[in-house]
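J.: Structure in structure tokens, see below.
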Amino acid sequence: MTADTLLARITDYANRPNPYPLYAELREAGPVVRQTDGSYLVGTYHEINSLLHDPCISSDIRNLAVPLSGLPDEERQPPAFIRLDDPEHQRLRSIAMRPFGPPHSPGRVDALQGEITQITEELIDAFGDRKQIDIVDDFAYPLPVTVICRLLGVPREDEPTFRTWSSAIIEAADVRPGEDRTERERAGEQARAETGRYLIDLAERRRGHPTDDMLSAFVNEQDPAARLTPEELAVTGTTLLVAGHETTVNLITNGMLTLLRHPDQMERLRREPALMPKAVEELLRYEPPVHMLSRRTPLTDVEIAGTTIPKGARLLLMLASGNRDPRRFRAPEQFDPTREDNQHFGFGGGIHICYGAALARLEAQIALNTLIHRLGTPSLVEDPPPYRTSATLRGPRHLLVDI
């Protein structure tokens, strides 16, 4: 095996349970490693951090020299703000943030604490007298999807519909070298279009009849400069819906798996619940929900660590590799819920740092704290568990636990 096949090996499903030895190989071969398909991998912390903050690095795939998709432009939905560069990225992100966080809505996330706790308790109550549960299907999926749907104003009876749409959107974005991605892209674009149409219709029903949710706030915005067009509302709402729960599912599931593998640390967190915020930060470093940013490209030739990455080349920032770089973190392969100076890439970085980071942190803290206090002495049924297909959004598809 040579370094120029690392991407193919990292994305090989056989390595999904433990890609970390491959990340170590990447760091040893790097900091920048060109692949056989012409893409460039970056796996070391300081170089990733530099590129995340470099205005010459674009998030807009329309700047790639070789298009990622085989779909014609007319079949593609407009890009979400997370796929755009400034100033358009900043404009749309700022509008999306108005009803969600500071400075316009500074207390919205904190105000959700009671509701998230209630949903968490109800999900665990529903376990009843069962002796075995699936952390994913019974808990980690329904919790964040319920929260984000309530934030947006989606009726509870429509929540299951989003699982199908969201899965298709996530599949379309997955990295699988050598595969014709046209059909996956087409299915993802169709799912985006259906989600967008649904959200526009829902928002229009709130026009002139505002309620306390984000879709209502978008459609009843009084400031002309802060209004979204119907097309922008569809794309932004879809992005918030998918990003608002898919990553949190992985954060909660990876977190519970890590604690089950470290029962001494689980017991410590039971005794010292005030440590949970630090533990969640460590989980974001140690087993992050997002392993790579695969849609970056230089707007001009960029030199990093002695390697020139040409304009328009595909650039992959391997966040999970950077999170375990020994040149940045002490004992990086060790799970340490008391770790200090933990500036991880669990939520990315730079201008595209995760929009919903505060909500994801709060959900994970409440979810994990409640689980470890109410499940007694849980144990894994299967280790490693079966994983989702995605190498980008990496997490167990099921996590069976005896309770």
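J.: Looking at the range 14-49 only, could you name the residues that are at pLDDT 95 or above and open to solvent by 60 Å² or more (accessible area, probe 1.4 Å)?
T.: Hits for the range 14-49 are Ala14, Asn18, Pro21, Glu25, Glu28, Arg34, His46.
J.: Let me ask something additional. Which residue pairs have Cβ atoms closer than 7 Å, lie 6 or more positions apart in sequence or on different chains, and pair a first residue in the range 153-182 that is under 29 Å from Asn220 (Cβ atoms) with a second residue that is in a loop (DSSP other than H, G, I, E, B)?
T.: Gly153/Thr211; Gly153/Asp213
J.: Could you look through the range 198-222, keep only residues that are open to solvent by 60 Å² or more (accessible area, probe 1.4 Å) and assigned to a loop (DSSP other than H, G, I, E, B), and pick out the one that is farthest from Arg163 (Cα to Cα)?
T.: Filtering the range 198-222 for residues that are open to solvent by 60 Å² or more (accessible area, probe 1.4 Å) and assigned to a loop (DSSP other than H, G, I, E, B), the one farthest from Arg163 (Cα to Cα) comes out as Gln222.
J.: Let me ask another. Out of (1) over 17 Å from Thr370 (Cα atoms); (2) part of a helix (DSSP H, G or I), the odd one out for Leu260 is which?
T.: (1)
J.: Looking at (1) outside any helix (DSSP H, G or I); (2) in contact with a helix residue (DSSP H, G or I) (Cβ under 7 Å, 6 or more places away or on another chain), which is the one condition that is false for Thr377?
T.: (2)
J.: Please state which one of Val302, Val290 is hydrophobic (A, V, I, L, M, F, W, C), open to solvent by 10 Å² or more (accessible area, probe 1.4 Å) and farther than 21 Å from Leu257 by Cβ.
T.: Answer to the selection: Val302.
J.: What are the residues in the range 386-403 that are surrounded by 20 or more Cβ atoms within 10 Å (Cβ to Cβ), over 18 Å from Ser321 (Cβ atoms) and of a type in the set (D, E, K, R), if any?
T.: Residue satisfying the conditions is Arg388 alone.
J.: Here are some residues: Asp325, Asp383. Which one is touching a residue at least 60 places away in the same chain (Cβ under 8 Å), open to solvent by less than 10 Å² (accessible area, probe 1.4 Å) and of a type in the set (Asp, Glu)?
T.: None of the other options fit; the residue is Asp325.
J.: Sticking with this one: Spot the failing condition for His245; the list is (1) open to solvent by 60 Å² or more (accessible area, probe 1.4 Å); (2) within 23 Å of the chain's Cα centre (by Cα), and only one is missed.
T.: With (1) open to solvent by 60 Å² or more (accessible area, probe 1.4 Å); (2) within 23 Å of the chain's Cα centre (by Cα) applied to His245, the lone miss is (1).
J.: Do you know which residues across the range 87-125 are open to solvent by less than 20 Å² (accessible area, probe 1.4 Å) and without any contact (Cβ under 8 Å) to a residue 60 or more places away in the chain?
T.: Correct list: Ile119 only.
The values are calculated or read from the model by the stated rules, or taken from the named source; none is laboratory data. Here the structure is a predicted model, which means the values were calculated and not measured. A quick note on method: Cβ atoms are made from the backbone with ideal geometry, for glycine too, and the neighbour counts reach across all protein chains shown. Areas reflect the complete protein model, heavy atoms only, side chains present, ligands, DNA and RNA absent. Shrake-Rupley method; radii C 1.70, N 1.55, O 1.52, S 1.80 Å.
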